[in-house]
Amino acid sequence: MLAPIKKFICTEDTPVVQTKAGKIRGMIIDEVYTFRGVRYAEAERFMSPKPVTPWEGVVDCQDYGYVSCTLNTPRFQGDITGPHRYWAASEHCQYLNVWTDTLDPSAKKPVMFWIHGGGFSEGSSIEMYAYEGENLARDKDVVVVSINHRLNILGYLDLSDYGPEYAHSGVVGMEDIVEALRWVRDNIAQFGGDPDNVTIFGQSGGGGKVQVLMQMPCADGLYHKAIIQSGVLPREMNITAAQAKAASKAIVEAMGGMEALCTKDYYYLAEAVKAVQAAGTPCPWGAVPGCGDYQGLWYDTGFRPETAKIPVLIGSTFSDFAFFYPHPMADKSKLSHEEIAAMLAEKYCAENAGAIEEAFKAAYPGVNLFFALAVDTQVRRPALDYMANRSAFTDAPVYSWMLAHESAFKGGRMSTHCDEIPFVFRNDAGIGAVHGADPAVDARLREELSSAWTAFARTGNPNCASIGTWTPYTSDCHATFVFGDTGSETRIEYDAELVELVHKYAPFPSFF
């Protein structure tokens, strides 16, 4: 996975940057200034973060900082399409990374602020190899920032019933992100970035956190555009205040009181959570409505008027959470129509299979009918709902996208959860399982996705020389830009019927 380095520089005074808190020393890797493990905040357990304490001298920032503790020991899961790595963990995990090709304060490059996936309970800024920002910064003239922040019980345990000092405890993980955005505001010009042109973007849980940030007044003015990648889930999957309070009550009791909860090692907190869950009390981690200044998602509170001028780019992948692959290792192109029809009848019932086939062919002409078995609705359906409501709320543009790319992995597999990330970050060369049969298609998708994302970060409009015309999604024009193998283009109202039929006849994707 490691690319050969042609040129490396790290000396006593190069590259050294003066931040608000003190000087930091990074490194230059093939013309890209790279700073890893920059401390942006400090926090006591369950408390809101504070700016980092200033220091004297120069702090080395060539290695990644601590990642957040997670409840379960990471385990190998055959993640060949999204290879992972793991790092030293601590509850003091407020660290960020920066990639840029200049340290000129007058450069004013767009800033792309990445929020990792893993729900609100797992993950880190370095967990996936695809998260590295070097290629995107070098090739697309942007400054890339990625962050770690508190997760699970450390970031989202609502203890507000146990004293006013804990009024923010259910959102301190999100407040870490806000503090990191404040660090960007105060320091990013020294890295060639424009603090007045910051795009927050994230995938899966990171996309969910983008939504939450837009509902937090304390984040206002710290970002200017938003990209949500596979980050909108059904309303019922978002945590409620009542669920959060029930979980916190059970966890406090399992720990034997607040003193133990606030002082014992994280290991004991994790064991208490597992015991509570085993006893039947769910712990659905997420930003808790009513904590801090967060009142809840748009489902319940509507979109905040203060975000009305924020352009949004939102979308998902063809299969995302809809994993249903009979004969997973088979060459899908060799399956007969009769074999595929039998599979459709098995999944959707024989009387519905014909309608599914017709809608699939209309939405995806030329795509193997086999993949009608793996059409996602768990993300795409609520994303369509989000776009309909968002576009009715504001005149700020909403851009919808879909990645429908067949990789050659296991005899053919349509793009699924996380598959767009390597192309967006221009890191797909090291992740062969996302590649299709034709290298030229992979190269085109890399250029299209990374160019559209960075164009949006630059101007709030993803249209650029690398893609065809991308029409915004509006109340009158339900447009989606489909990144596909035979070409990428804007499609109008192309998959709504298919999504509704699949949801109706197969409402519980196997992932859940």
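Structural remarks
- Our coupling estimate for the range 376-385, obtained by passing each phi through the Karplus curve with A = 6.51, B = -1.76, C = 1.60 and θ = phi - 60°, is 6, 10, 5, 10, 4, 5, x, 5, 4, 5 Hz, Gly and Pro reported as x.
- The range 314-459: C-alpha gyration tensor shape, a/c 1.5 cut-off, then a/b vs b/c: oblate
- Here the peptides 393-405, 358-370 are ranked by packing, the mean other Cβ count within 10 Å, and the order with the highest first is 393-405, 358-370.
- Between the amide H of E42 and those of K50, V52, distances stay under 5 Å, these residues lying 5 or more places away or on another chain, with hydrogens modeled in the peptide plane.
- Length gained when the stretch A342-A408 is fully extended (0.36 nm per residue, less Cα-Cα span): 21.4 nm
- In range of the label at K274: residues from the range 220-253 whose backbone nitrogen is under 17 Å from the point 7 Å along Cα→Cβ: 251
- Trypsin sites (Lys or Arg not before Pro) lying in DSSP loop within the range 51-124, provided at most 10 other Cβ fall within 10 Å: R75
- Over the chain, DSSP H runs of length four or greater, each weighted -39,500 (n - 2.57), average out per residue to a 222 nm ellipticity of -9000 deg cm²/dmol.
- Count Lys and Arg as plus one, Asp and Glu as minus one, and take only other residues whose Cβ is under 14 Å from that of V67; the net charge is then -1.
- Which of K209, K347 has the fewest Cβ neighbours within 10 Å, and the rest in rising order: K347, K209
- Linear extension gain, Y267 paired with D30, 0.36 nm per residue minus alpha-carbon span: 81.3 nm
- Rough spin-label spacing in nm, given labels placed 7 Å along Cα→Cβ, for D293 and A330: 5.6
- Cα-Cα pairs of the chain separated by more than 30 Å (percent): 48
- Note, ³J(HN,Hα) from phi for the range 20-27, Karplus 6.51, -1.76, 1.60, rounded to Hz, x at Gly and Pro: 4, 8, x, 7, 10, 10, x, 7
- Residue-by-residue Karplus 3J(HN,Hα) for the range 457-467, coefficients 6.51, -1.76, 1.60, Hz, glycine and proline x: 4, 6, 10, x, 9, x, 5, 7, 5, 7, 10
All of the numbers you see were taken from the coordinates with simple rules; none came from a lab. Just so you know, these numbers come straight off a predicted model, no measurement behind them. Cβ: placed from backbone, ideal geometry, glycine included. Neighbour counts: every protein chain shown.
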